Amino acid sequence: MSTPPHSRRLPAAFALITVAALALTACGSGDAADTAGGAAPAGKNAEIPTTDVVAKVGKDPAAARLLPADVRERGTLSLASAVGGTPPGALYLEDGKTVVGQDIDFADAVAKVLGLRLKREAASFEAILPALGSGKYDLGTGNFGVTDERRKTIDFVTYINDGQGFAVRKDSKLTKVTDFEQLCGLNVATGAGTTFEVTLQDNEHVCSDAGKKPYSVKTYAEQGAIWAALQQGRADVVMSTINGLRYAVKQQEGLKFLGEYHRLDVGFAFKKDTKLAPAFRAAVDRLIKDGTYDRILKKWGTQGSAIEKSQISPPETKD
């Protein structure tokens, strides 16, 4: 029998500070909300799981041999992590130093399999992919969806399947979004530099084609600002990750999840033509085989995002 996962309760004072910070964020389209610490929608009863489910992961010599010789000799990789989101995404605990999240666990587990030490640096979501191309980091995590457009300049090694969805206030007339025409005339909040922003921009013509008022896209650099915009009526709907939306609506009163819109594979991100991909794929497959993979998903409540095996830059999932 497994030990019940420990959790760390965010104190009420922290929740109140978060709400106060959100009240000061900018609200215009394209505004970056510079909330300290990356405010997340955490209520008084929000619990962040902190059980260490990767401590016992050991090195797999066969997977490690797939690493480039210079990486094996160096023994370290630089990792950029997008921090400041909503669980299961990466976020800081109340000490302001400890970073937790599903991506954090997967990266740490893969590093153990490969016998590597990660030099992690927190970075903004929209800055990570360009920085990979410039060589600033060896890899990045941030729930990066694998799209055909991104595959032109970035390589991926998949570890979960997440995707796109919507959430609204409970007083909204929307019950499920199956077509972007349903968003016409509304203010839609989403993260800056995300696949959601691109998808919304690519479908803006839908409303004009139908002779309707276009929807307005409001982008924010911090997840907390997105939810503040929805709660305060400056946005009518939020488009974000399926797993993140499910968590967020449970932690905030007066919101509802509208379901899945489009599924996407999610992976570790690397510069194009990286030689690290085969080793990372083997490491993820090892985690799936030895049960660590399931333990990570169970910890973060994302069993619905499980994959059977890892892939290197697969074609974008088409619904």
Problem set entry | Cut-off under 5 Å, modelled amide H: who pairs with V217 long-range | V188
Seminar exercise, completed: Checked against the positive end of the charge dipole of the chain (+1 on Cβ of Lys and Arg, -1 on Cβ of Asp and Glu, about the Cα centre), the farthest of V53, Q164, S216 is V53
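Quick one: dipole size for the stretch 212-308, taken about the Cα centre, charges +1 on Lys/Arg Cβ and -1 on Asp/Glu Cβ, in debye to the nearest 20.
Here the stretch 212-308 has a charge dipole of around 160 debye.
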Problem set entry | Global geometry of the stretch 261-319, whether rounded, prolate or oblate, following the gyration tensor of its Cα atoms and the 1.5 cut on a/c | oblate
Exercise. Remind me, what semi-axes does the stretch 153-289 give for its equivalent ellipsoid, largest first in whole Å, using sqrt of 5 times each Cα gyration tensor eigenvalue?
Worked result: 31, 18, 13
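Can you tell me how much longer the chain between V198 and K173 gets when fully stretched, taken as 0.36 nm per residue apart minus their C-alpha distance, in nm with one decimal?
Taking V198 through K173 to full extension adds about 6.5 nm, to one decimal.
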For this session: Working from the alpha-carbon coordinates of the stretch 88-169, get Rg over Rh, Rh being the Kirkwood radius.
Result: 0.97
Seminar exercise, completed: Taking the stretch 129-170, the equivalent ellipsoid from its C-alpha gyration tensor has semi-axes in Å, biggest first, of 25, 12, 11
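So how much slack lies between E181 and K250, counting 0.36 nm per residue of separation and subtracting their Cα-Cα distance, in nm?
Between E181 and K250, full extension yields 22.1 nm more.
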Exercise. Which of V206, V284, L258 sits closest to the plus end of the dipole of the chain, meaning its Cα is farthest towards the positive end, when Lys and Arg get +1 and Asp and Glu get -1 on the C-beta?
Worked result: V284
Problem set entry | Subset of K176/K299; K275/K309; K272/K299; K170/K298; K136/K272 violating a 22 Å alpha-carbon distance limit | K176/K299; K272/K299; K170/K298
Exercise. Under a straight-distance cross-link criterion of Cα-Cα below 13 Å, which aspartates and glutamates are reachable from K213, leaving out those fewer than 8 residues away in the same chain?
Worked result: E181, E204
For this session: Let me know the Rg and Dmax you get for the stretch 169-219 when you use only its Cα atoms, in Å.
Result: 10.9, 29
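On alpha-carbon atoms, Rg over Rh for the chain using Kirkwood Rh?
Values: Rg = 19.4 Å, Rh = 20.1 Å.
When Rh is taken as the Kirkwood radius, the ratio is 0.96.
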For this session: Could you order peptides 146-155, 243-252 by the average number of other Cβ atoms within 10 Å of their residues, highest first?
Result: 243-252, 146-155
Seminar exercise, completed: So, with points 7 Å from each Cα along the Cβ direction, the K97-K136 label distance in nm works out to 2.5
Problem set entry | Fully extended contour minus Cα-Cα distance, from K272 to S216, at 0.36 nm per residue | 16.8 nm
Seminar exercise, completed: With +1 on the Cβ of every Lys and Arg and -1 on the Cβ of every Asp and Glu, the dipole magnitude of the chain about its Cα centre, in debye rounded to the nearest 20, is 740
For this session: Please report, in debye to the nearest 20, how large the charge dipole of the stretch 152-203 is about its Cα centre when each Lys and Arg carries +1 at its beta carbon and each Asp and Glu carries -1 there.
Result: 240
Exercise. How big is D, in µm² s⁻¹, for the stretch 47-136 by Stokes-Einstein at 25 °C and 0.890 mPa s if Rh is the Kirkwood radius over C-alpha pairs?
Worked result: 171
Exercise. Which listed residue (I104, L132, T175) has the Cα farthest towards the positive end of the charge dipole for the chain, taking +1 on Lys and Arg C-beta and -1 on Asp and Glu C-beta about the Cα centre?
Worked result: I104
Seminar exercise, completed: With a ≥ b ≥ c from the Cα gyration tensor eigenvalues, square-rooted, and the rule rounded for a/c under 1.5, otherwise prolate when a/b > b/c and oblate otherwise, the stretch 233-302 is oblate
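Since every read-out is calculated from the coordinates, none of them should be taken as a lab result. The structure presented is a predicted model; accordingly, all values stated were derived computationally and were not measured. Cβ: placed from backbone, ideal geometry, glycine included. Neighbour counts: every protein chain shown.
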